[in-house]
1. Taking residue 209 as meeting all but one of (1) modelled with pLDDT of 85 or more; (2) loosely packed, with under 11 Cβ neighbours inside 10 Å, write down the number of the exception.
2. Among what's in segment 51-66 and is under 14 Å from residue 106 (Cα atoms) and open to solvent by less than 30 Å² (accessible area, probe 1.4 Å), pick the residue that is modelled with the highest pLDDT.
3. With the requirement that a residue be open to solvent by 40 Å² or more (accessible area, probe 1.4 Å) and touching a residue at least 40 places away in the same chain (Cβ under 8 Å), what does segment 25-43 give you?
4. Return the residues of segment 45-58 that are farther than 17 Å from residue 125 by Cβ and in a loop (DSSP other than H, G, I, E, B); say none if nothing qualifies.
5. Can you work out which of the residues in segment 162-179 that are farther than 13 Å from residue 69 by Cα and out of contact with any Gly (no Cβ under 7 Å at 6 or more places or on another chain) is most open to solvent (accessible area, probe 1.4 Å)?
6. For segment 122-153, which positions are at pLDDT 90 or above, surrounded by fewer than 19 Cβ atoms within 10 Å (Cβ to Cβ) and either closer than 21 Å to residue 182 by Cα or among the charged types (D, E, K, R) (or both)?
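The values are calculated or read from the model by the stated rules, or taken from the named source; none is laboratory data. What you are looking at is a predicted structure, and each value in this text was computed from that prediction instead of being measured. Reconstructed Cβ throughout: ideal geometry from the backbone, glycine too, with neighbour counts over all protein chains shown. Remember, those area values only see protein heavy atoms, side chains included, never the ligands or the DNA or RNA. Shrake-Rupley method; radii C 1.70, N 1.55, O 1.52, S 1.80 Å.
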Amino acid sequence: MLPTRNLILNLARTNRLAYAIVLPQQDLALTARLYRRIISRLSDPDIFEFVWRESGIHIDSEELTYYPHVEVEELTDISTYPLPHEHVWIETAVKDPFDGPDRMYIWDLQRTKNRNGYNAIPLVFVDGKLSFHGYEIDFHPDIVNDNGTRGAFEMWCHFPDYEKTYDPLEFQDHALMLGRFLRLLCLPKVRIETTNPDEKRNARRVKRGQSAYAKRSIVRIDPEAICEALPKGKMRGGHASPRPHHRRAHVRRLSNGNAVPVRECIIGMNFRDGPPPPQTFIVD
């Protein structure tokens with residue numbers, strides 16, 4: 001086990017894990033059920049764990065979180081980025097802006113029944129407290145978008161009042177970060193260094209009733225490969241909404257032949273500024 005997950009589970013077993021309540025009038029019974037479900041998922045002995053170093057996330061002194069900008073070109077073939085295992089844990093350390101302990105940003109991913117899609121739960125762990133904001137992310141690889149690309153993220157929340165207090169667009173950034181991470185694993189020039197545990201030491205641990213140390217692998221990606229594969233982009237900051245724009249009505253076609261109509265709407269509208277100017281779509 002990696003130290004962070006091991007620490008969370010040990011704190012939970014001894015009733016010392018603190019759970020964050022993110023909304024003033026949050027449903028406490030629902031929150032307790034959700035955290036029990038999360039701990040149950042994290043207890044899976046077959047979970048495959050990744051530590052993502054230098055992911056590019058940072059937090060400023062006003063508690064705004066900034067994520068690396070993910071270009072559209074990175075996600076055009078998103079359905080080809082496989083989840084490498086049935087159950088995956090990804091963690092990345094984010095420096096605390098007030099010199100406190102690092103904040104561990106965590107994503108717990110499980111494959112869905114269609115084998116190619118997955119469900120992701122974003123979490124934050126810091127100083128003995130686990131935070132779950134009620135949002136989950138589902139990736140549907142069978143959706144064909146109006147631009148012909150496959151794969152779509154769906155973000156949904158257990159707490160209906162979340163959007164009144166916080167910006168839900170942050171979880172769009174979480175989804176894009178997951179897409180970027182799975183893509184990085186598929187880049188060329190990936191080197192995997194494996195360290196096998198000491199068998200005699202593991203045998204002694206098992207005899208004492210302790211869990212055996214797992215095999216560790218370090219995935220190294222040359223910076224040159226990342227620079228070649230990714231367009232240059234700026235940081236997306238402060239959970240700011242994207243530029244307001246119209247989205248035309250269209251039909252999403254699923255791989256099973258079904259069609260899902262999507263109505264015309266305005267994306268990222270700031271109601272204080274009013275709607276953006278209309279756009280004209282010409283189809284030859």
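1. Evaluating residue 209 over (1) modelled with pLDDT of 85 or more; (2) loosely packed, with under 11 Cβ neighbours inside 10 Å leaves (1) as the failure.
2. Among those that are under 14 Å from residue 106 (Cα atoms) and open to solvent by less than 30 Å² (accessible area, probe 1.4 Å), it is 57.
3. Result: 25, 27.
4. 45, 46, 54, 56
5. Within segment 162-179, the match that is most open to solvent (accessible area, probe 1.4 Å) is 164.
6. The answer is 124, 127, 129, 136, 138.
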